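Comments concern the structure below.
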Amino acid sequence: MSATAGGVGRIPLVDALRTLRAARRDDDIVITTMGSAREWMRLGDPHPLDIVLVPSAMGHGTSIGLGLALARPDKRIIVCMGDGSLLMNLGSLASIIAAGVRNLVVILFDNGVYEVTGLQPTAGASGARGGRRPVDFSAMASASGFDSVHRCGSTEAWTREVSRLIDSPGPTFIALDIEPVPDGTAPHSPGPAPDRARRLMVALGVR
């Protein structure tokens, strides 16, 4: 596990996503969930290989990413998960390792709160744990078997290291310390699911 944290404070969500957007390859599949999905859509028109998950799919990003990684080993799959979402599906970390996929990158956007429902602290945050230390998601990923585990705590470090980290031998887990967005709303669907599914199939060359 490598620590890439640098600087003081947390990374603004939109800056973290803008940096990732600039670093992705054209053939990467990027799955965004909850707050990251909301801000990802605001950054511009969706890429044909973007998958946006709305609140009804909360917690399922890593499982969907695993299925795609198994089905399309020729593609790199990048999953953007919030800490609240990952807490709902921690078992997926073990499943990813058991499946033996190498082309999956899980990026944890850890802001310590359920942003879209009013900034309540998650069960992994110190504020909900009687002052005890917060859950160490990087340690959980490492214990699950991820060989490439990184943590990044500043915009400068993430901007400097993003390409190296997502290019690490997979499966890869990257935890980012993210600033909560005040009054952050839930993401809205970018359009009818059947239409989006058809566009994704075309982009993947599925007939």
- [ ] In a Gaussian network model over the chain where Cα atoms closer than 10 Å are linked, find which of Glu115, Glu156, Glu39 has the largest mean-square fluctuation.
- [x] Glu156
Task: the chain: most fluctuating residue of Asp110, Asp26, Asp147 per GNM, C-alpha cutoff 10 Å - done: Asp26
Open item on the list: Bins of 10 Å, beginning at zero and ending with the bin holding the largest distance: percent of Cα pairs per bin for the stretch 121-207, please.
Closed with: 13, 25, 31, 27, 4, 0
- [ ] Over the chain, calculate the relative contact order: mean separation of alpha carbon pairs under 8 Å at least 6 apart, over the residue count, as a percent.
- [x] 30 percent
Task: the chain: calculated mean residue ellipticity at 222 nm from DSSP helix runs of at least 4, using -39500 (n - 2.57) - done: -11000 deg cm²/dmol
Open item on the list: If you wrap a convex hull around the alpha carbons of the chain, what volume per residue comes out, as a whole number of Å³?
Closed with: 112 Å³
Open item on the list: Compute, for the stretch 2-204, the length of the dipole vector about the Cα centre, with Cβ point charges of +1 (Lys, Arg) and -1 (Asp, Glu) only. Units Debye, rounded to 20.
Closed with: 240 debye
TODO: For the chain, with a Gaussian network of springs between Cα atoms less than 10 Å apart, report the residue from Gly118, Gly153, Gly184 with the top mean-square fluctuation.
DONE: Gly118
Open item on the list: Run the numbers for Arg42 and Ser189: contour at 0.36 nm per residue of separation, minus the present Cα-Cα distance, in nm.
Closed with: 51.7 nm
Open item on the list: Place a point 7 Å from the Cα of Val202 along the Cα-to-Cβ direction; which residues of the stretch 8-37 have their backbone N under 14 Å from it?
Closed with: none
Task: Sequence-distant residues sharing a close amide H with Ile11 (under 5 Å, placed H) - done: Asp177, Ile178, Glu179
Open item on the list: To check you understand DSSP bridge types, tell me what percent of the beta bridges within the chain (both residues inside) are antiparallel, rounded to 5.
Closed with: 5 percent
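None of the figures in this text is laboratory data; all of them are computed from the coordinates on show. Computed from a prediction, not measured in an experiment: that's the story for all the values here. Here Cβ is always computed from backbone atoms with ideal geometry, including for glycine, and neighbour counts include all displayed protein chains.
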